[in-house]
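Taking it in order: structure first as structure tokens, then the write-up.
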Amino acid sequence: MRGICLPIALGVALALAACGTSTDEAPAGARVTQIAQPEDAITQELMVALAQAKNFHHKARVYMSDGKPDLAIDSVRSILAVRFPAGAPEADDVRADARALLAKLLVAKGELDAAMSEIDAGLAQATRESFFVANLYTVKGEVLQAQAELLAETDPTRTRELRKQAIVAFDQSIAINTRLQQKLMEHRE
Amino acid sequence: MNPDDPIYDDDDDVLEPDAASDAAERARARSFAELVDKMMAGRTPAAVPSEAQPLLEVATAIRATVQPAALAASRQRAIIEAALATAIDRRAGNPAGNGPSQPAERLDALAARRRSPRTPWLVATVTSVVAAAAIAMLVMQPGPAPVRPSPAPVAKLPFDQRSRPADALVGAIARERAGDAVGRIDAIYADRLGGFRDRTLYGGAP
């Protein structure tokens with residue numbers, strides 16, 4: 001009987017020991033005092049991206065002052081290629097503004113269809129209402145207005161249609177601006 | 001059994017009760033006695049003459065009355081084992097368990113198995129295997145799973161140190177200022193730079 005009890009007791013003791021050896025120790029090197037970084041913090045990457053966009057804008061202005069619209073347009077297009085941190089709201093605003101400026105430069109060059117393409121692309125990429133999106137609608141209205149002026153003498157019907165579309169675009173801009181202004185006012189109160 | 005035994009001699013005459021026995025009568029008595037002995041020993045001949053059968057029945061009845069029947073010890077154990085096995089099977093929901101009609105050989109085997117000295121060794125062996133498995137688990141147990149430090153609570157940043165839409169900063173864009181993107185990007189950059197410096201100078205990571 002003693003020979004039977006000994007292995008039983010040994011097995012039970014070892015099984016209990018095996019079950020009780022789990023540990024909650026943190027792995028070496030893990031930091032528990034690290035200051036957490038909020039995801040919406042202004043980061044160095046965001047500042048670099050903003051600085052690049054700023055510089056491209058100034059470069060485009062210099063080219064415009066120098067009578068080189070093509071180089072100015074290229075410089076503004078470069079803004080669209082700047083890499084912003086994922087999800088940064090400033091990225092949407094800067095890109096929308098660059099599209100609006102690009103469209104105005106193309107209008108000044110007489111490339112109305114290309115200008116409208118930039119507007120459409122900017123509106124398609126918009127993820128929320130903003131003053132920059134409203135500005136895109138404003139510029140869209142200007143492009144439509146310019147297209148209507150071009151056809152005023154040759155195609156009155158199409159001209160009227162374009163003018164109506166221009167009014168719709170301006171109205172959309174006004175509506176967005178109104179909503180945003182109201183929202184900002186509510187925030188301040 | 002020889003049919004020519006004197007006991008089966010049909011030509012015998014019945015002797016007088018007080019007559020002395022003769023050799024033939026003694027021979028018949030000896031032959032019948034042997035037959036009775038064989039029957040008592042369980043070795044009853046396959047063929048018993050009809051004349052002897054009534055005598056054997058009388059002898060069996062007389063023996064039963066003077067000596068109660070007793071089973072051999074092995075037979076008693078086998079019957080008890082069979083009864084226990086039947087009861088266990090019924091309790092286990094096996095109505096088709098082996099009943100008392102189980103063959104004696106099987107009952108004897110069952111009884112022998114129960115008396116087997118292997119049972120303690122079987123228990124000891126199983127327990128030893130469990131102990132060995134526990135030792136193996138103890139030795140081969142992988143290291144503790146890395147415990148991720150729970151994320152520290154994230155304090156909400158001041159408004160001007162956060163990445164956010166620039167609507168509040170630039171306000172509504174008038175039509176005559178639609179192309180003034182330079183002014184707006186300058187304002188955005190200056191504003192965010194102030195927030196970035198405040199955050200980094202106060203110890204936050206860049």
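The values are calculated or read from the model by the stated rules, or taken from the named source; none is laboratory data. On a predicted model such as this, the values are computed, not experimentally measured, just so you know. Methodologically, a virtual Cβ is constructed for each residue, glycine included, from the backbone with ideal geometry; neighbour enumeration extends over all protein chains shown.
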Boolean, B:GLU81 is surrounded by 13 or more Cβ atoms within 10 Å (Cβ to Cβ) and modelled with pLDDT of 80 or more: yes
Qualifying position, being away from every other protein chain (no Cβ under 11 Å) and not aromatic (Phe, Trp, Tyr), among A:ALA51, A:ALA60, A:ALA81, A:ALA91: A:ALA81
Every residue from the range A:130-151 that is in contact with an Asp or Glu (Cβ under 9 Å, 6 or more places away or on another chain) and of a type outside the set (A, V, I, L, M): A:SER130, A:PHE131, A:PHE132, A:ASN135, A:TYR137, A:LYS140, A:GLY141, A:GLN147
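Could you say whether any residue in the range B:181-199 is in a loop (DSSP other than H, G, I, E, B), out of contact with any helix residue (DSSP H, G or I) (no Cβ under 6 Å at 6 or more places or on another chain) and more than 7 Å from chain A (Cβ to nearest Cβ)? Spell out how you get there, then give the answer.
Pass one, the range B:181-199, residues in a loop (DSSP other than H, G, I, E, B): none.
No, the conditions are met nowhere in the range B:181-199.
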Checklist (1) assigned to a helix (DSSP H, G or I); (2) farther than 25 Å from B:ASP167 by Cβ applied to A:GLY67, failing item: (1)
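Go through the range A:68-85 residue by residue and tally those that are in contact with a helix residue (DSSP H, G or I) (Cβ under 7 Å, 6 or more places away or on another chain) and more than 9 Å from A:LEU102 (Cβ to Cβ). Spell out the reasoning first.
Of the range A:68-85, the ones in contact with a helix residue (DSSP H, G or I) (Cβ under 7 Å, 6 or more places away or on another chain) are A:69, A:71-73, A:75-80, A:82-85.
From the residues that got through so far, the ones that are more than 9 Å from A:LEU102 (Cβ to Cβ) too are A:69, A:71-72, A:75, A:78, A:82-85.
Number satisfying all stated conditions: 9.
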Lone unmet requirement of (1) out of contact with any Ser or Thr (no Cβ under 9 Å at 6 or more places or on another chain); (2) assigned to a helix (DSSP H, G or I); (3) within 23 Å of A:MET64 (Cβ to Cβ) for A:VAL82: (2)
Candidates A:THR127, A:THR138, A:THR154, A:THR159 - the one that is free of Cβ contacts under 8 Å to residues at least 60 places away in the same chain, in contact with a helix residue (DSSP H, G or I) (Cβ under 8 Å, 6 or more places away or on another chain) and not in a helix (DSSP H, G or I): A:THR127
